[in-house]
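Report on the structure given below.
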Amino acid sequence: MTGPAAAPDDRGALAALAPLLLFDGGCGLCDRAVRFTFARDPAAIIRAAPLEGTTAARVLAAFPAARGVDSVLLLDRDRDGRLVLHQRSDAALGVARRLGRPWSGLAALARGVPRPLRDLVYRGVARVRHRIFGRVDACALPDPAWHARLLP
């Protein structure tokens, strides 16, 4: 579910962060997803931060409805330029949309699937992600240029 727009006084501080992917810093699947995203982001504009970090705390303070949500989150702008916080499948598709072809095309197709069904699949994968992909202590970024895009 896409969250409400941030309050106007929060926009200035957070606007410079968008698009920002918030992820479970201890999740092996999330670690791989961040590396996948960074490797395929043609404009190198997507940044990432662990949900356990200070950057995520700032974002969640502006979007209190998302606190405690066990999901990947994407801070981005809507068509009117307002900051929004996407959750679950909307967040994943929002990232894919920014990656260019073929990922943006696949995201457009997936958006045709009703959100409740997409989120059901998302929750199923999220439930078993630690069992299948394990846990990590830190996000391993093989490209030194990516380090500046990973926020605390």
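Overview of values
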| quantity | calculated |
| --- | --- |
| Selection from the range 1-31 of residues that are closer than 14 Å to G53 by Cβ, at pLDDT 90 or above and assigned to a loop (DSSP other than H, G, I, E, B) | L17, D24 |
| Positions within the range 57-83 being buried (at least 22 other Cβ atoms within 10 Å of the Cβ) and not in a loop (DSSP other than H, G, I, E, B), in sequence order | V59, L73, L74, L75, D76, L83 |
| Any hit, the range 70-91, residues being hydroxyl-bearing (S, T, Y) and closer than 22 Å to H147 by Cα | no |
| Some residue of the range 32-54 being part of a strand (DSSP E or B), basic (K, R) and within 14 Å of L151 (Cβ to Cβ) | yes |
| Residues of the range 89-102 that turn out to be at pLDDT 95 or above and more than 19 Å from L17 (Cβ to Cβ), as a count | 4 |
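The values are calculated or read from the model by the stated rules, or taken from the named source; none is laboratory data. Values in this document were obtained by computation on a predicted structure and should not be read as measured data. Positions of Cβ are generated from backbone atoms using ideal geometry, with glycine treated the same way; all protein chains shown enter the neighbour counts.
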